[in-house]
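Quick notes on the structure that follows.
The values are calculated or read from the model by the stated rules, or taken from the named source; none is laboratory data. If you're wondering where the values come from, they're calculated on a predicted model, not measured in any experiment. Positions of Cβ are backbone-derived with ideal geometry, glycine not excepted, and every protein chain shown enters the neighbour counts. Surface accessibility is based on the protein's heavy atoms, side chains included, excluding ligands, DNA and RNA. Shrake-Rupley method; radii C 1.70, N 1.55, O 1.52, S 1.80 Å.
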Amino acid sequence: DATLTKPFNADQLYNLIEVFSKQQGRSHTENKNNGQDIAIDLATLESIKKVTGDNFESLVDLYVREAELTIRDLSRCSRSDSREISKLGHKLKSSSLSIGLIACADICKEIEHRPESLTAETIKQLENYIIKFKNKVIDVI
């Protein structure tokens, strides 16, 4: 068992949830595509599918569209606009965690906390994860 004492931050809570998720058998799956891993929490996806039923595909499409817009906005940010980069990183991190795309959330966590880490390569990696996620979910549906 683990505990968090107040005050705690979001990273500490996230790390604790990760530990318990792995203990519950809800660890991420690794799908090797072109030498890149894509970590998806299939338990989260299954839970969402159960709750949303016929609307699951629409929800995934909405996530993908919003993620693509957020990535586009990130790519247009000036490197000196660290506040906006951090805000967009947080936005994409949160929605990615909600849908179970852990690989994307991990990158966005870094962007959120270290906006200077955003590069053209990072943008490309995020774009690739979104494409792979969509294809993986289509295979599951």
Exercise. Which residues, counting only those in region 113-127, are under 15 Å from the mean Cα position of the chain (by Cα) and either closer than 19 Å to Ile17 by Cα or open to solvent by 30 Å² or more (accessible area, probe 1.4 Å) (or both)?
Worked result: His113, Lys124, Gln125, Glu127
Problem set entry | Residues that are at pLDDT 85 or above and open to solvent by 80 Å² or more (accessible area, probe 1.4 Å), drawn from region 20-56 | Glu46, Lys50, Val51, Asp54, Asn55
Exercise. If you check Lys91, Lys109, which single one turns out to be closer than 14 Å to Leu69 by Cα, in contact (Cβ under 8 Å) with a residue 12 or more places away in the chain and either touching a Pro at 6+ places or on another chain (Cβ under 7 Å) or open to solvent by 20 Å² or more (accessible area, probe 1.4 Å) (or both)?
Worked result: Lys91
Problem set entry | Condition broken by Ala2, with the remaining ones in (1) among the aliphatic types (A, V, I, L, M); (2) modelled with pLDDT under 70; (3) within 17 Å of the chain's Cα centre (by Cα) satisfied | (3)
